[in-house]
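The numbers here are math on the coordinates, done by the rules we state, and not lab data. Note that this is a predicted model, so its numbers are computed, not measured. Note that each Cβ is placed from the backbone with ideal geometry, even for glycine, and that neighbours are counted across all protein chains shown.
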Amino acid sequence: LALRPQVVHCFKPKAYAGLVHYLLWWRRRLPRGRGSPSPRLVVDTDDWEGPGGWNEVVDPTTGRPTYSWPQRRLFAWQERWGLTHADRITVASRALETLVWSLGVPPEHVVYLPNGVGVPPPPAPRPHRRREGPPTLLLYTRFFEFDPARPLRVLQRVRETVPQARLLVVGKGLFGEEETLLRLAQTMGLAQAVHYVGWVEPQALGDHFAEADLALYPFDDTLINRTKCAVKLLDLMAWGLPVVADAVGENAQMIVHGESGWLVPPGDVEAMAAAAIHLLQQAPLRQQLGEGARRRVMARYTWEHLAAYAEEAYGFTRR
């Protein structure tokens, strides 16, 4: 406050950010001193904590909630209070927009501000794909959003038609789910067809993305997933990879089916496998979808573009 900001944008309604918001809101009710104006209070929400949200998540390795009882009570209260005591709310998804409206917040006080990417390095020109390697499906993930068995069942179905297909896995699980996936791969006789890389530095992602023909993006139909705006999906699209994704939440906002990716019904192993087989057999279509994905991200999801939405929330400009 020593800098006398015009706007304070709290990045979440909970925890430390929520506490800052609470203190600044109550400061408005005190004598301001020396006539200094109060900054506009903007709160961002990119996840849902309340019923059906993160407060109910259980660690599968222990069977215990990820938050303690006091944390769950505090975060649920902070979320509801914070979203109803701000000058503007920025939301990362249309589902969150609806949830905030349901709390009684006027629609004109809610600004849709999805996640974005920086200007990514251009993907290297490549025929889809280098023919010296096996057909490769990429799973770039933190695993939390789906049952680890599902991508393996998709791979199993794909290999019935494309026997040399393999699954390249990049990422690390929130609860060690990668270990479950690797155990299941062994049990299902797929261990030799699954290559697990683990977490990699962002600057090294392109090397792994370049190995893939296409990416799978499984996304269970849950409230947590509906309210998310998946940066990993944006990363894949920005690199020009054709993606087969579950049509859940913001996935269906980012991907225009048949133009910038391929959408399938959520949880449908057969549909995802059929789409993957279709794309593996159609190199020109893969190229078209990858190029369309990159164009869509560069047109709608760079921060150069999204800054206008933030400025609207700040009251500086109108789009």
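Taking other Cβ atoms within 10 Å as a rough exposure proxy, 172, 228, 12 sort from fewest to most as 172, 12, 228.
Treating r as the C-beta distance of residue 183 and residue 307 and R0 as 51 Å, the FRET efficiency rounds to 0.70.
What the Cβ-Cβ distance of residue 192 and residue 221 gives, at R0 = 25 Å and to the nearest 0.05, is a FRET efficiency of 0.20. Computed from point charges on the beta carbon alone (+1 for Lys and Arg, -1 for Asp and Glu), the dipole magnitude for the stretch 136-300 about its Cα centre is near 180 Debye. Note on residue 174 and residue 199: the model spin-label points, each 7 Å out from Cα along the C-beta direction, lie 1.4 nm apart. Spacing of the modelled spin labels on residue 56 and residue 15, each 7 Å from Cα toward Cβ, amounts to 2.2 nm. Taking Cβ atoms as reference points and 14 Å as the exclusive limit, the residues near residue 221 contribute a net charge of -3, counting Lys and Arg as +1 and Asp and Glu as -1. Relative to the current alpha-carbon distance between residue 164 and residue 109, full extension at 0.36 nm per residue lengthens the span by 14.5 nm. As I understand it, the value is the acute angle between the Cα axis of helix 303-314 and the longest principal axis of the Cα atoms of the chain; what does it come to in degrees, rounded to 10? Relative to the chain, helix 303-314 is tipped by roughly 30 degrees. Rounded to the nearest 10 degrees, the angle from helix 15-27 to the longest Cα principal axis of the chain is 20 degrees. GNM on the chain, alpha-carbon springs under 10 angstrom: the most fluctuating residue among 294, 80, 27 is 27.
Here the chain is treated as a sphere whose radius is the Kirkwood value from Cα pairs; by Stokes-Einstein at 37 °C and 0.692 mPa s it diffuses with a coefficient of 155 µm²/s. Here the extension length gained between residue 64 and residue 316 equals 86.2 nm, from 0.36 nm per residue of separation less the Cα-Cα distance. Can you give me the angle between helix 269-280 and the longest principal axis of the chain, using Cα atoms only, in degrees from 0 to 90, rounded to the nearest 10? For 269-280 against the chain, the angle is about 70 degrees.
Panel order for 229, 10, by other beta carbons found within 10 Å of each beta carbon, from fewest to most: 10, 229. When the Cα positions of 239, 24, 219 are compared along the charge dipole of the chain, 24 comes out farthest toward the positive end, with charges on each C-beta of Lys, Arg, Asp and Glu.
Over all Cα atoms in the stretch 136-300, the spread is summed up by Rg and Dmax: 14.4, 44 Å. Counting charges near residue 274 (Lys, Arg +1; Asp, Glu -1) among other residues having Cβ under 10 Å from its Cβ returns a value of -1.
Each of 153, 88 has some number of other Cβ atoms within 10 Å of its Cβ, and from fewest to most they run 153, 88. The stretch between residue 285 and residue 77 holds 70.0 nm of extra length on full extension. This uses 0.36 nm per residue minus the Cα-Cα distance.
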